[in-house]
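A short worksheet on the structure shown next.
The values are calculated or read from the model by the stated rules, or taken from the named source; none is laboratory data. Please read all numbers here as calculations on a predicted model, not as lab measurements. Positions of Cβ are backbone-derived with ideal geometry, glycine not excepted, and every protein chain shown enters the neighbour counts. The area values use the complete protein model at the heavy-atom level, side chains included, leaving out ligands, DNA and RNA. Shrake-Rupley method; radii C 1.70, N 1.55, O 1.52, S 1.80 Å.
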Amino acid sequence: MLKNLLNAVLFQVGWFACVLGGNTGWLLIPFVILLVHLWLIGSWRTEGKLLMTVFALGCVLDSALIKIGLFDFGEAGRVIPLWLALLWPLLATTLGHCLAWTARPWWLASILGAIGGPASYIAGSHLTYVQLPLGVGVSALILGAIWAMVFPLLHWLAAWFRQTHRRDVPA
């Protein structure tokens with residue numbers, strides 16, 4: 001229970017540090033949070049591959065969303081900013097901990113993704129220099145449809161990596 005609470009608090013602190021800090025020294029906070037998570041809550045052995053995989057997939061997804069014009073970061077907008085990329089491994093830290101309850105049934109993750117995904121992007125757009133050129137409503141619908149699939153996929157990846165880790169650990 002305490003680990004889940006700490007996990008949720010660390011995620012929220014990391015989210016605000018990324019979104020409000022942008023590509024500044026504040027980005028040290030998410031790195032520290034990831035280290036604290038791996039030290040106190042999870043471990044590199046059990047979650048490292050998941051964190052790296054979710055980071056890579058998130059960068060690809062957000063890059064595609066920039067390419068189709070869903071986000072606009074101004075002149076620096078060809079590649080996703082580091083602060084946005086770091087949100088992905090932060091999210092991955094929650095999958096086996098404070099948000100593990102959303103994994104089953106799969107439709108629960110889908111509903112949470114359809115609501116929470118767009119809410120996070122829209123909140124971020126109000127707090128930073130990200131623009132939603134298609135408008136908030138259209139962007140929310142597109143992001144909701146995407147995140148209704150992405151969040152269950154992330155939970156599936158987390159379960160797959162847990163299963164793989166259990167198989168690899170000698171009895």
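Exposed loop sites are taken as chymotrypsin sites (Phe, Trp or Tyr not before Pro) in a DSSP loop (any state but H, G, I, E or B) with at most 16 other beta carbon atoms within 10 Å; the longest stretch of the chain without one runs 1-72.
With a simple spin-label model that places each label point 7 Å from the Cα along the Cα-to-Cβ direction, the separation between W101 and D72 comes to 4.1 nm. The range 1-42 and the range 107-171 have Cα centres spaced 18 Å apart.
Note on the range 1-154: dipole from Cβ charges, positive end direction compared against V19, C59, A140; the farthest Cα belongs to C59. For the chain, the membrane-span-like helices by this rule, meaning whole DSSP H stretches whose C-alpha atoms cover at least 24 Å of axis and whose Kyte-Doolittle mean is 1.0 or above, are 2-21; this says nothing about an actual membrane.
Toward the positive end of the charge dipole of the chain, with +1 on the Cβ of Lys and Arg and -1 on the Cβ of Asp and Glu, the farthest Cα among L86, L70, L108 is that of L108.
Work out the length of the dipole vector of the range 44-120 about its Cα centre, built from +1 on the beta-carbon of each Lys and Arg and -1 on the beta-carbon of each Asp and Glu, and round it to the nearest 20 debye.
Numbers: 5 positive and 4 negative charges, 56 e Å.
Dipole of the range 44-120, to the nearest 20 debye: 280 debye.
Treating only the Cβ atoms of Lys and Arg (+1) and Asp and Glu (-1) as charged, compute the dipole magnitude of the chain about its Cα centre; round to the nearest 20 debye. Please report the intermediate quantities before stating the final value.
On the way: 9 positive and 5 negative charges, 111 e Å.
Using Cβ point charges on Lys, Arg, Asp and Glu, the chain gives about 540 debye.
Take the range 49-169 with all the other protein chains still there, run a 1.4 Å probe, and you get 51 Å² of accessible area per residue.
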